[in-house]
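Below you'll find the structure, written out as structure tokens, and then a few comments.
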Amino acid sequence: MRNLLAFLFLICMIVFSANAVYAQDAPATQDTAASEQVEEAAPAEEAAPAAAPEEALPEISGYQLLKKYFIDGGWQFMTLVLVALILGLAFAIERIITLNIASTNTDKLLSRIDERLKSNDMEGAMEVCKSTPGPTASILFEGLKSAGKGPDAVEKSIVAYGGVQMGLLERGLVWISLFIALAPMLGFLGTVIGMVQAFDRIEAVGDLSPSVVAGGIKVALLTTVFGLITAIILQIFYNYIVSKIDAIVNKMEDASIALVDIMVDNGAFKH
């Protein structure tokens with residue numbers, strides 16, 4: 001988990017550095033392009049008074065457009081939203097990897113336990129659970145340990161240890177939920193502050209021109225757009241993780257019931 005967070009933090013720093021360089025170079029590039037257009041405009045008007053053919057606008061890639069909007073929205077709040085996205089993805093990816101590792105073929109596991117119990121090999125059945133990764137095998141192991149105390153003790157052990165495993169499966173979900181709620185809130189905060197700054201510019205100019213109003217509102221709303229996009233992405237991952245946990249819990253419950261039946265059929269309980 002630490003290595004994953006460090007890697008994502010490094011990516012964040014690289015993107016932020018590239019955006020800072022782009023933000024510094026963009027005004028100079030725009031001024032140079034504007035001066036070149038002014039210099040080229042005079043000969044064009046002298047040579048051809050009639051309507052000049054329209055020049056094709058340069059194509060902007062998706063990454064360049066995203067970077068432009070990121071800078072236009074203000075790097076202060078955009079960086080906070082980006083950090084929320086990166087941290088949320090880090091927790092989500094860690095949970096997905098952990099849950100995939102925790103998934104167990106319960107039918108195969110129960111079949112192997114049944115084979116050992118038919119041979120009256122309780123230690124062998126417990127060893128099968130020990131060697132199998134995942135919460136289901138751990139719960140079945142706790143149930144087999146309590147076989148000498150009767151079926152009621154087995155069920156209590158399974159229920160008690162199942163609660164522990166449930167908490168381990170849901171670890172980290174609270175942080176993903178936090179970033180889902182935090183990202184749009186940061187976006188809205190950036191929008192409100194941007195609107196205040198836009199009205200300050202209007203007051204300073206003293207003229208309610210459409211260009212000033214539209215430019216200020218555009219910059220203000222960009223933070224909201226990025227905040228909502230971040231929340232949508234993390235919400236998709238969150239729902240996938242929750243569905244994965246529900247599937248594992250259902251398998252755990254089915255396997256626990258099947259284990260008690262297998263133990264009863266093989267006379268594993270000591271009277």
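The values are calculated or read from the model by the stated rules, or taken from the named source; none is laboratory data. All figures in this text were calculated on a predicted structure; none of them were measured in a lab. Neighbour counts are summed over all protein chains in view; Cβ atoms, including those assigned to glycine, are modelled from backbone coordinates with ideal geometry.
For every residue, the table says whether it meets (1) under 23 Å from the mean Cα position of the chain (by Cα); (2) among the hydroxyl-bearing types (Ser, Thr, Tyr); (3) at pLDDT 75 or above; (4) under 18 Å from Phe91 (Cα atoms).
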{"site": "Gly172", "(1), (2), (3), (4)": "yes, no, yes, yes"}
{"site": "Phe199", "(1), (2), (3), (4)": "no, no, yes, no"}
{"site": "Glu203", "(1), (2), (3), (4)": "no, no, yes, no"}
{"site": "Ile236", "(1), (2), (3), (4)": "yes, no, yes, yes"}
{"site": "Val249", "(1), (2), (3), (4)": "yes, no, yes, no"}
{"site": "Met263", "(1), (2), (3), (4)": "no, no, yes, no"}
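It is to be established whether one or more residues within the stretch 205-216 are over 30 Å from Ala160 (Cβ atoms), in a helix (DSSP H, G or I) and modelled with pLDDT of 80 or more. No; the residues of the stretch 205-216 include none that is over 30 Å from Ala160 (Cβ atoms), in a helix (DSSP H, G or I) and modelled with pLDDT of 80 or more.
For the structure I just gave you, tell me whether Ile193 is at pLDDT 85 or above and either within 11 Å of Val81 (Cα to Cα) or of a type outside the set (Phe, Trp, Tyr) (or both). For Ile193, the condition - at pLDDT 85 or above and either within 11 Å of Val81 (Cα to Cα) or of a type outside the set (Phe, Trp, Tyr) (or both) - is not met. Beta carbons closer than 8 Å, at least 6 apart along the sequence or on distinct chains, never pair a first residue in the stretch 172-197 that is free of Cβ contacts under 8 Å to residues at least 12 places away in the same chain and part of a helix (DSSP H, G or I) with a second that is exposed (fewer than 15 other Cβ atoms within 10 Å of the Cβ) and basic (Lys, Arg).
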